[in-house]
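Participant: The structure under discussion is supplied below as structure tokens; questions concerning it will follow.
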Amino acid sequence: MTETASPAATLVLLRHGESEWNKANLFTGWVDVPLSEKGRAEAARGGQLMAEQGVLPDVLHTSLLKRAIATSELALAAADRQWIPVRRSWRLNERHYGALQGKDKAATLAEYGEEQFMTWRRSYDTPPPPIEPGSEYSQDGDPRYAMLPPEVRPATECLADVVVRMLPYWYDAIVPDLRSGNTVLVAAHGNSLRALVKHLDGMGDEEVVGLNIPTGVPLRYELDADLRPLQKGGQYLDPAAAAAAIEAVKNQGKK
Ligand SMILES: O=C(O)[C@@H](CO)OP(=O)(O)O
């Protein structure tokens, strides 16, 4: 397929802007932390980019976490698209970071060393240790997950687990919107979007280890009739900002 083929659908992926815990360099996962001031500005800038480049979403899908929800609201406000329909799902949540949730990334790197630290952060199939039920940063009793049977409620996840729990939502909720010819905005998280990009781009388990998604820069995928990307990797609406933010994500922990 060449770049000149005409797209059948447009998908826009948006990782939330910087959160308070991104700023503080803490592992976050399912902990529901707000955006930082910088993150709010990134989200609005993302919406401006969409408006300037005529990438106007018809429908929105978000996770259940307020950093993604607030990002989508700020971006859509900047693009004057607050009125579009929205659906939310836990299946778009960030990867559950298990016992690392709430821990300082630099301190974790210093305590466990680079290899273990990067295995927990980026290996495809090694999850961090599970979170202790009832511990400070577990989501026990959180009403937004009350409908989930215990066997699907994660206590930790590796990226392979995220692919498995994210894909049913892709096929059942997002694909029908794309098939209807909509421009679809997905506002989610670093690792849930890594799972989606892996699927879209047909990346191998090794290849995805090196993939990092920047905060707040919309990533547009033009898809063909089979919902395959016309261009592998899609196109960031601000490539220079994306490149700088990707470096920042890569180097987290190494102060
Ligand atoms: O802490 C997290 O939940 C994620 C995203 O911020 O971090 P990482 O990039 O280390 O997987």
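Participant: Just need a number here: residues in the range 111-128 that are touching a Phe, Trp or Tyr at 6+ places or on another chain (Cβ under 9 Å) and not hydroxyl-bearing (Ser, Thr, Tyr).
Facilitator: 5
Participant: List the number of the failed condition for Arg81; all other conditions in (1) touching a Ser or Thr at 6+ places or on another chain (Cβ under 8 Å); (2) within 22 Å of Glu222 (Cα to Cα) hold.
Facilitator: (1)
Participant: Another question, if that's okay. For Arg67, are the conditions met, namely being touching a Gly at 6+ places or on another chain (Cβ under 8 Å) and either at pLDDT 95 or above or farther than 26 Å from Leu14 by Cα (or both)?
Facilitator: yes
Participant: Then there's this: Residue under question is Asp104, and the condition is that it be surrounded by fewer than 18 Cβ atoms within 10 Å (Cβ to Cβ) and more than 12 Å from the ligand (Cβ to nearest atom); does it hold?
Facilitator: Answer is no for this residue.
Participant: In addition: Can you name the residue in the range 6-26 that is hydrophobic (A, V, I, L, M, F, W, C) and more than 10 Å from the ligand (Cβ to nearest atom) and, of all such residues, is nearest to Ile69 (Cα to Cα)?
Facilitator: Ranking the candidates gives Leu14 first.
Participant: Further question on the same structure: Are there helices (runs of 4 or more DSSP H) fully within the range 147-255 with at least 1 residues that are surrounded by 17 or more Cβ atoms within 10 Å (Cβ to Cβ), of a type in the set (Phe, Trp, Tyr) and more than 16 Å from the ligand (Cβ to nearest atom)? List them.
Facilitator: 159-169
Participant: Something else now. Residues in the range 110-126: is at least one among the aliphatic types (A, V, I, L, M) and within 16 Å of the ligand (Cβ to nearest atom)?
Facilitator: Yes, some residue in the range 110-126 is among the aliphatic types (A, V, I, L, M) and within 16 Å of the ligand (Cβ to nearest atom).
Participant: In the range 168-188, which residue that is closer than 22 Å to Gly54 by Cβ and hydroxyl-bearing (Ser, Thr, Tyr) is nearest to the chain's Cα centre (by Cα)?
Facilitator: Thr183
Participant: Among Asp125, Asp140, which is the only one that is surrounded by fewer than 18 Cβ atoms within 10 Å (Cβ to Cβ), modelled with pLDDT under 95 and acidic (Asp, Glu)?
Facilitator: Asp140
Participant: State yes or no: is Gly29 of a type outside the set (Val, Ile, Thr), near the ligand (Cβ under 10 Å from one of its atoms) and on the phi > 0 side of the Ramachandran plot?
Facilitator: The answer is yes for Gly29.
The values are calculated or read from the model by the stated rules, or taken from the named source; none is laboratory data. For clarity, every value in this text was computed on a predicted model and none was experimentally measured. Backbone-built Cβ (ideal geometry, glycine too); neighbour counts: all protein chains shown.
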